[in-house]
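Trainee: The structure under discussion is supplied below as structure tokens; questions concerning it will follow.
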Amino acid sequence: MGLEYYARIRTNYGPAYARLTDMRCEILSGAPWDGAALVVAEGEAAGLELLAPCEPHKIICVGVNYHDHAQELGHSIPASPLLFLKPPTSVIGPGEAIVYPPYWTQRVDYEAELAVVIGWRARRVKPEAAGEVIFGYTCLNDVTARDVQRQDGQWTRAKSFDTFCPLGPVIARGVDPSALRIECRLNGQVRQSSSTARMIFGVRELVSFASHVMTLEPGDVLATGTPAGVGPMQPGDVVEVEIEGIGCLRNSVVAGV
Ligand code: ZN
């Protein structure tokens, strides 16, 4: 399978899924993982407004899943993946603003992550079959109110503010996730730089593990953890998550009111 890129875009008729080629955009009648989706229109790829590339029912995340990040934190290597959830209401698209909450937190961090987009319903899938339920990959910024996370001892409030899940810019299909360069830049300066080869639990293992807890549904997202170098953002900052073969997810930070 060659590389393919999918997005959700704004059209005059509302949001639509689309397949992007070099210069062209094919607008689809439904989600690309729905086998019945047809090409209903074509246009130029230039000037499109990209939205978050899917509408997940749930966003499953993994804590401490890079060797370099575990080392940085002084954590031992976890025996099994540490799962937590972000709500669908936290999702924003490329170019949208991350809103710094006006209360409770003085420390809002970026976390660059490779995200898996599920294409087929999956329950108790074996690691060796997990590739078959994956549609593709995108970039995710697991924005975290770090002080709230420490204060609560569990992570729901810290990870769940509206706008705390930038996602995109596109879904890359056919990309091999085993050794991709992953980088986070804050105002153009590199803050995280690693390879997905440094994950503790690999993509297939994580999809299998999560599917033994909850049924994965088409459009669901599984974020695979962040490498070393997490740190704070301030209103006015621009944060970029770039992953080789996928693209660059860029968002600004604004002060909430
Ligand atoms: Zn994370």
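Trainee: Going by average Cβ neighbours within 10 Å, how do the peptides 127-135, 75-83 rank, with the highest at the top?
Mentor: Ranked from most to least packed, the peptides come out as 127-135, 75-83.
Trainee: Ok, one more. How large is log10 I(q)/I(0) at q = 0.18, 0.28, 0.29 Å⁻¹ when the Debye formula is applied to the Cα atoms of the range 4-51, each weighted equally and without solvent?
Mentor: Log-scaled intensity ratios, in q order: -0.45, -1.11, -1.19.
Trainee: Picking from Gly245, Val213, Val108, whose Cα lies most toward the positive end of the charge dipole for the range 59-255 (charges on Cβ: Lys, Arg +1; Asp, Glu -1)?
Mentor: So the residue we want is Val213.
Trainee: Would you mind counting up the charge near Gly219? Only other residues with Cβ under 12 Å from its Cβ, with Lys and Arg at +1 and Asp and Glu at -1. Each step should come with its number before you reach the end.
Mentor: Numbers: positive: Arg8, Lys58, Arg121; negative: Asp34, Glu55, Glu217, Asp220.
So the surrounding residues net to -1.
Trainee: Apply 1/(1 + (r/R0)^6) to the Cβ-Cβ distance of Arg157 and Arg124, taking R0 = 35 Å, and write down the FRET efficiency to the nearest 0.05.
Mentor: FRET efficiency, Arg157 to Arg124: 0.70.
Trainee: Give the peptides 105-112, 67-74 in descending order of average Cβ contacts within 10 Å, highest first. The partial results should precede the final answer.
Mentor: Details: 105-112: 20.9, 67-74: 14.8.
Result, highest mean first: 105-112, 67-74.
Trainee: Let me ask you something else. Find how much the distance from Thr11 to Arg24 grows on full extension, using 0.36 nm per residue of separation minus their present alpha carbon separation; answer in nm with one decimal.
Mentor: 3.2 nm
Trainee: Let me have the relative contact order for the range 4-51, percent, based on Cα pairs under 8 Å that are six or more residues apart.
Mentor: That works out to 35 percent.
Trainee: Moving to a separate point now. How far apart, in nm, are the 7 Å Cα→Cβ label points at Gln234 and Trp104?
Mentor: Between Gln234 and Trp104, the simple spin-label model gives 2.4 nm.
Trainee: A further question follows. When the chain is modelled as a GNM with alpha-carbon springs shorter than 10 Å, which of Arg191, Arg24, Arg181 fluctuates the most?
Mentor: Between Arg191, Arg24, Arg181, it is Arg24 that shows the largest mean-square fluctuation.
Trainee: Could you size up the charge dipole of the chain around its Cα centre, putting +1 on the beta carbon of Lys and Arg and -1 on that of Asp and Glu, and report it in debye to the nearest 20?
Mentor: 540 debye
Trainee: May I pose another question? Summing Lys, Arg as +1 and Asp, Glu as -1, what charge do residues with Cβ under 12 Å from the Cβ of Ala115 carry, Ala115 excluded?
Mentor: On the way: positive: Lys86; negative: Glu111, Glu113, Asp142, Asp220.
Neighbourhood net charge equals -3.
Trainee: Summing -39500 (n - 2.57) over the DSSP H runs of n ≥ 4 in the chain and dividing by its residue number, what mean residue ellipticity at 222 nm do you reach, to the nearest 500 deg cm²/dmol?
Mentor: My calculation for the chain gives -2500 deg cm²/dmol from helical runs alone.
Trainee: Around Ala228, which amide H atoms from residues at least 5 apart in sequence, or from another chain, sit under 5 Å from its own amide H, with H modelled in the peptide plane?
Mentor: It is Asp68, His69, by chain and number.
Trainee: Excluding same-chain residues fewer than 8 positions from Lys159, which lysines have a Cα within less than 22 Å of its Cα?
Mentor: Here the lysines satisfying the reach criterion relative to Lys159 are Lys58, Lys86.
Trainee: For the residue pair Glu72 and Ser178, what label-to-label distance in nm results when each label sits 7 Å from Cα along the Cα-to-beta-carbon direction?
Mentor: Those two pseudo-labels are separated by 2.6 nm.
Trainee: While we're looking at this one, here's another question. Quick one: net charge of Ala18's neighbours, Cβ under 12 Å, K/R +1, D/E -1?
Mentor: Values: positive: Arg8, Arg10, Arg19, Arg24; negative: Glu4, Glu26, Glu42, Glu44, Glu49.
Its environment carries a net charge of -1.
Trainee: Run the numbers for Ser80 and Met214: contour at 0.36 nm per residue of separation, minus the present Cα-Cα distance, in nm.
Mentor: 46.6 nm
Trainee: Using only alpha carbon pairs under 8 Å that are at least six residues apart, calculate the relative contact order of the chain and give it in whole percent.
Mentor: 26 percent.
Trainee: Moving on. Which of the listed residues, Ala46, Leu28, Ala16, is farthest toward the dipole's positive end in the range 4-51, when Lys, Arg count +1 and Asp, Glu count -1 at the beta-carbon?
Mentor: Going by the charge dipole, the pick is Ala16.
Trainee: Moving on to the next point. Let a ≥ b ≥ c be the square roots of the eigenvalues of the Cα gyration tensor of the chain; is it rounded (a/c under 1.5), or, if not, prolate (a/b larger than b/c) or oblate?
Mentor: Numbers: a/c = 1.65, a/b = 1.22, b/c = 1.35.
It comes out oblate by the Cα gyration axes.
Read the figures in this text as sums done on the coordinates, not as results from a lab. Because the structure is a prediction, the values reported are computed rather than measured. Note that we place each Cβ from the backbone using ideal geometry, even for glycine, and neighbour counts take in every protein chain shown.
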